[in-house]
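Right, one structure below, let's go through it.
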Amino acid sequence: MRWIFMLLALANLGLFAWFLSNDKPAAVRVTPAAQEEGEAASISLVSEVDPAELASSAPEPKQMEAPEPQVPVDGSRSVSAEALCTLVGPFTEAYQGEDVARRLQALQVEAALREIEMHGQMRYWVFLAPLNSSQQAFRKLRELQAAGIDSYVIPKGSLENGISFGIFSEIERAKALAEELQSRGFDAEYREEPQTYLERWVVLGGANGGVSADAVADDFWSQLQLDYPDIDRRQNLCSEIRSGGDE
């Protein structure tokens, strides 16, 4: 009996040892998969990378495309305004205007005294159209005077060798006279004739363009108004300022 008990004990020990050896998980060797072509490489710190390698691997900067020039739509182009000149005056005496011009020039402002052609009241001229020569004009004049019509030969200008019957400030009078002469067999007509006269003004600006009054300090204009209380200051297109004697 004792031997049977010992054999059973040894068999139990062997079976127990076999179970223990089978409970441990089998070691499995895992082989890392090869990195697929095109996948990103592992992350490395910049400080760990060779500068030459970093420069070669940096992506090339994208070139920005230059914007196409904008073509303005017809009519959208800005048109520069014509130059404006400042006028100061009028002066009854030339020395007054010269004094103001010198004051402005002392402030490095281009200024000059000029006699400006000014437009006054509209007038209406009754006349006969110019004839071919002065002989014909004087022959027609004698005919008119013999008929008791007051007239004279126009010596120069756009109506040279024409016959004038007078200049009127009222269009009704000019029209009535022209109709009366036509009823008597003379081809009289009338036209508007703006009255012009000359005034002395100091013009700020010149060939290089106009000068605005804002270019001069307000204190200057205030003092000038005290010295010359009757003068005025205005602006006009430089191209429309005509001096006496200009064609």
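The values are calculated or read from the model by the stated rules, or taken from the named source; none is laboratory data. Quantities reported herein were computed from a predicted structural model and do not represent experimental measurements. Cβ sites come from the backbone with ideal geometry, for glycine too, and all protein chains shown count toward neighbours. Just the protein is used for accessible areas: all its heavy atoms, side chains included, with ligands, DNA and RNA removed. Shrake-Rupley method; radii C 1.70, N 1.55, O 1.52, S 1.80 Å.
Okay, here's what the table says:
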{"item": "Filter pass, GLU180 being open to solvent by 70 Å² or more (accessible area, probe 1.4 Å) and touching a helix residue (DSSP H, G or I) at 6+ places or on another chain (Cβ under 9 Å)", "result": "no"}
{"item": "Verdict on ARG191 being in contact (Cβ under 8 Å) with a residue 12 or more places away in the chain and more than 30 Å from GLN96 (Cβ to Cβ)", "result": "yes"}
{"item": "Lone qualifier among GLU98, GLU179 - being free of Cβ contacts under 8 Å to residues at least 12 places away in the same chain and assigned to a helix (DSSP H, G or I)", "result": "GLU179"}
{"item": "Which listed residue, of ASP187, ASP214, ASP150, is closer than 19 Å to CYS85 by Cα and open to solvent by 30 Å² or more (accessible area, probe 1.4 Å)", "result": "ASP214"}
{"item": "Selection within region 126-143 - open to solvent by less than 30 Å² (accessible area, probe 1.4 Å) and under 17 Å from TYR190 (Cα atoms)", "result": "VAL126, PHE127, LEU128"}
{"item": "Any hit, region 163-172, residues being without any contact (Cβ under 8 Å) to a residue 24 or more places away in the chain and either closer than 30 Å to LEU107 by Cα or in a loop (DSSP other than H, G, I, E, B) (or both)", "result": "no"}
